[in-house]
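As structure tokens, the structure follows; a few thoughts come after it.
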Amino acid sequence: KLRKGIIRKMDDEFFLSQFRQIHNLLQSLGYQHYEISNYCKPGMHSRHNSNYWSFVPYLGFGPSAHSYFSNVRGWNSRSIPEYISQISNHKEFAEKEQLSLSDRYNEYIMLRFRTAQGVSISYIKSHFKDFFSSFHL
């Protein structure tokens with residue numbers, strides 16, 4: 001839409017002023033900014049999203065569903081007919097990837113920066129000893 005001229009890119013200063021107004025309003029109403037794109041009343045944060053950012057194992061069922069368990073991420077076919085066919089024919093219906101220690105370290109840093117809690121030095125020391133020396137404080 002930008003290329004076609006249907007919409008214009010928002011000016012950075014205008015965007016920042018809008019964000020600050022919304023942020024201040026939500027905080028004045030008692031909302032907490034607990035994640036980069038979410039606010040909530042105290043104790044009402046999204047457990048669903050927070051589990052992703054904390055590497056809690058989860059299983060997804062159905063077309064396009066994702067799962068994470070034992071450092072393996074998997075995702076089912078997005079196509080409903082293909083998904084049904086794979087299950088009906090007893091075929092593997094999820095693609096999978098094994099996350100290396102380096103993958104998990106990078107994802108920990110990236111995902112925790114999405115949250116108000118941020119990165120935990122003690123967590124890095126205990127789970128990613130080999131990478132701690134490259135983490136500059």
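The values are calculated or read from the model by the stated rules, or taken from the named source; none is laboratory data. None of these values were measured; they are calculated from a predicted model. We place every Cβ from the backbone using ideal geometry, glycine too, and count neighbours over all the protein chains shown. Note: accessible area is taken over every heavy atom of the protein model, side chains too, but ligands, DNA and RNA are not part of it. Shrake-Rupley method; radii C 1.70, N 1.55, O 1.52, S 1.80 Å.
Filtered by the rule that a residue be open to solvent by 80 Å² or more (accessible area, probe 1.4 Å) and either over 21 Å from TRP53 (Cα atoms) or of a type in the set (S, T, N, Q) (or both), segment 94-121 gives GLU95, GLN98, ASN106, GLN117. Restricting attention to segment 108-137, the residues being assigned to a helix (DSSP H, G or I), touching a residue at least 24 places away in the same chain (Cβ under 8 Å) and within 13 Å of the chain's Cα centre (by Cα) number 3.
Counting only residues that are free of Cβ contacts under 8 Å to residues at least 12 places away in the same chain, closer than 30 Å to SER120 by Cα and open to solvent by 70 Å² or more (accessible area, probe 1.4 Å), which one in segment 44-90 is farthest from the chain's Cα centre (by Cα)? For segment 44-90, the residue satisfying everything is MET44. Here segment 8-43 is the region considered, the condition is being of a type in the set (S, T, N, Q) and part of a helix (DSSP H, G or I), and the residue that is most open to solvent (accessible area, probe 1.4 Å) is GLN21.
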